[in-house]
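> Sharing a structure, written as structure tokens. Questions coming.
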Amino acid sequence: MRAMRAETFSGYEGLKLIELPKPAVTKAKLLVRITAAGVTPLDHTILSGKFHGSKAPLVLGNEGAGVVEQGGGTDFPVGSRVMFFGTYGAFEDGTDSEWVAVRKEDLCLIPDNVDDVSAAGIPVAYLTAQVALTLAGFRAGKTVLAPAIGGSIGNAVTQLARALGAKHAMSSTTNHAKAEQAKALGFNEVIDTSLEKLGDGVRRITGGYGADIVVDGIGGEVLGEALGVIALEGRLTTLGYSASRKTTIDVTNLIVPQASIRGLNMFAQPKAAITDAWKVIVSLLKAGAIKPIVAKTFPLVEAAAALRYLVEGRPFGRVVLTI
């Protein structure tokens, strides 16, 4: 089978199209023919040699969509359309290939109203978003901030919070064109930080109240700024560092509102949490209450170009490989 494998963790040039044997079905894993694979910032982190535990050579791809070909049993019969997320592409070969052996517990059936390309970009973003909201104690009426509306986490958190009854589901962008694009797509609480500071925007939207929950996938200065608008006993979850791994915070922004800050590692979440998150996500997908946004697709052989486009082009929406 064809696969795009990182032969070395040396940047884009480390990716090579190679031929590998088709994975074998085992008691623990069934065979999925991949039709589309999501491209994520984690791919770039691994390819840059900056992720703990990953070892080259490695087929990247942390999430994907496809069709069960063998070993699915009654839960996932042959021919079932499925999407999944797991340690694939990080600690074992991933979805940037024509077939993957997948653990049954990692699979979710794709709703009929969702196409494979859209489905490939659902697992990482929406599972992370839903788990983060749950751990932060989200319930209807809460005020939520998730910076970076064009990014996978910011967009997914905003969509889920809005669909689940948030009083305010806020996001932000540094790009005026993206702010206008967000409005056109129905995101009406997006702060254009080319025109106003993040904190000023949150206070304007909430009438000075702030954010009960902040889910930050950006890191860097954005995290510090977001902490400055946390509401009384609010909670900030940090789970990404595409801007920077380092930031500076004002500790009084934690002390005065008696706020809390925590990290989230999706690889460390119990299966029950993932199962519960899938139930919420699938229900909302079927109802059309949330809708993944795909910015651009690339063929498998252009995996390096796809990753470069995601990291350097900073598109509004997901980047997906078609297999």
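The values are calculated or read from the model by the stated rules, or taken from the named source; none is laboratory data. Model, not experiment: these values are computed from the prediction. A quick note on method: Cβ atoms are made from the backbone with ideal geometry, for glycine too, and the neighbour counts reach across all protein chains shown. Remember, those area values only see protein heavy atoms, side chains included, never the ligands or the DNA or RNA. Shrake-Rupley method; radii C 1.70, N 1.55, O 1.52, S 1.80 Å.
> Sequence-distant or interchain residues sharing an amide H contact under 5 Å with ALA231, placed H: which?
For ALA231, the qualifying residues are ALA211, ASP212.
> While we're here: I'd like to know which of THR40, ALA65, PHE91 lies farthest towards the positive end of the charge dipole of region 1-124, counting +1 on Cβ of Lys and Arg and -1 on Cβ of Asp and Glu.
Value computed over the given set: PHE91.
> Further question: On the accessible surface of the chain, probed at 1.4 Å, how many percent belong to carbon and sulfur atoms?
Details: 7420 of 13960 Å².
Carbon and sulfur: 53 percent of the exposed surface of the chain.
> Another question, if that's okay. Only loop residues by DSSP count here, and only those with at most 16 other Cβ atoms within 10 Å; note down the GluC sites (Glu not before Pro) in region 134-225 that meet that. If you can, show how the numbers build up before the last one.
Details: sites: GLU180, GLU189, GLU196, GLU221, GLU225; in loops: GLU189, GLU196.
Answer in residue order: GLU196.
> Let me ask something additional. Amide H of PHE298: which non-local residues (sequence gap of 5 or more, or other chain) have their own amide H closer than 5 Å, using H built in the peptide plane?
So PHE298 has HN proximity to VAL320, LEU321, THR322.
> Once you have all Cα-Cα distances for region 253-323, histogram them in 10 Å bins from zero and send the whole-percent values.
Once binned at 10 Å, the Cα pair distances of region 253-323 give 15, 23, 35, 22, 5, 0.
> If you work out P(r) over Cα pairs in 10 Å bins from 0, in percent from the coordinates, which of [x] 6, 28, 34, 23, 8, 1; [y] 5, 24, 30, 22, 13, 4, 1, 0; [z] 5, 24, 31, 22, 10, 4, 2, 1, 0, 0 do you get?
Evaluating P(r) over Cα pairs in 10 Å bins from 0, in percent on these atoms matches [x].
> Calculate the dipole size of the chain relative to its Cα centre from +1 charges on Lys and Arg beta carbons and -1 charges on Asp and Glu beta carbons; express the result in debye to the nearest 20. Mind showing how you got there, number by number?
Numbers: 33 positive and 30 negative charges, 82 e Å.
Once rounded to the nearest 20, the dipole reads 400 debye.
> Return the percentage of antiparallel bridges among DSSP beta bridges fully within the chain, rounded to the nearest 5 %. Write out the running numbers ahead of the final one.
Working: 31 of 55 bridges.
In the chain, DSSP labels about 55 percent of beta bridges as antiparallel.
> Further question: Quick one: angle between helix 271-287 and the longest Cα principal axis of the chain, in degrees between 0 and 90, rounded to 10, please.
Roughly 80 degrees, rounded to the nearest 10.
> Which is farthest toward the positive dipole end of region 24-148 among LEU127, LEU31, THR143, measuring Cα position about the Cα centre, with Cβ charges +1 (Lys, Arg) and -1 (Asp, Glu)?
THR143
> Can you work out the Karplus-derived ³J(HN,Hα) for every residue in region 11-27? Use 6.51 cos²θ - 1.76 cosθ + 1.60 with θ = phi - 60°, whole Hz, and x for glycine or proline.
For region 11-27, the Karplus-derived couplings read x, 3, 5, x, 7, 9, 7, 9, 9, 10, x, 5, x, 8, 6, 10, 4 Hz, x marking Gly and Pro.
> In the structure displayed, which of LYS50/LYS279; LYS16/LYS279; LYS29/LYS55 lie more than 25 Å apart, Cα to Cα? Kindly include the intermediate steps, with their values, before the conclusion.
Values: LYS50/LYS279 33 Å; LYS16/LYS279 37 Å; LYS29/LYS55 22 Å.
Flagged as over cut-off: LYS50/LYS279; LYS16/LYS279.
> So how strong a dipole does region 75-228 carry about its Cα centre when Lys and Arg Cβ are +1 and Asp and Glu Cβ are -1, to the nearest 20 debye? Intermediate values should be presented prior to the final figure.
On the way: 12 positive and 19 negative charges, 154 e Å.
So the dipole magnitude of region 75-228 works out to roughly 740 debye.
> Quick one: 3J(HN,Hα) in Hz for region 187-203, Karplus 6.51/-1.76/1.60 with θ = phi - 60°, rounded, Gly and Pro as x.
After applying 6.51 cos²θ - 1.76 cosθ + 1.60, I find 8, 9, 10, 9, 8, 8, 6, 7, 10, 8, 5, 4, x, 4, x, 5, 5 Hz.
> Rounded to the nearest 10 degrees, what's the angle between the helix 152-163 long axis and the longest principal axis of the chain, both from Cα atoms, 0 to 90?
The answer is roughly 70 degrees.
> Given a 1.4 Å probe, how much area per residue of the chain is accessible, in Å²? Walk me through the intermediate numbers first.
Working: 13960 Å² over 323 residues.
Value for the chain: 43 Å² per residue.
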